[in-house]
Amino acid sequence: MHNPQNGDCADCGREPPPLGDGTTLRSTYGWRLTLDRQPDGTTLAVWRCPECAARRRASRPDR
Ligand SMILES: [Zn+2]
């Protein structure tokens, strides 16, 4: 089930590698934790898999 708040990729819904809840370990696999602005003005911490993280970075280049 697509559940970003449970650690799945926010874009494609892929489940993260089974590494427990260690954010450092996930990051070593290329997963990225980002703060997404929600329509109601709050921010939500979501994970993205390496592919989605790269596509997002390409479509929204940093200054
Ligand atoms: Zn993804």
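Filtering region 10-31 for residues that are surrounded by 10 or more Cβ atoms within 10 Å (Cβ to Cβ), among the charged types (D, E, K, R), outside any loop (DSSP other than H, G, I, E, B) and at pLDDT below 90 leaves a non-empty set.
Restricting the search to region 32-63, which residues are assigned to a loop (DSSP other than H, G, I, E, B) and under 15 Å from residue 8 (Cβ atoms)? Scanning region 32-63 gives a single hit, 49.
The values are calculated or read from the model by the stated rules, or taken from the named source; none is laboratory data. Here the structure is a predicted model, which is why all the values come from computation and not from measurement. Every residue, glycine among them, receives a Cβ derived from its backbone with ideal geometry; neighbour counts consider all protein chains shown.
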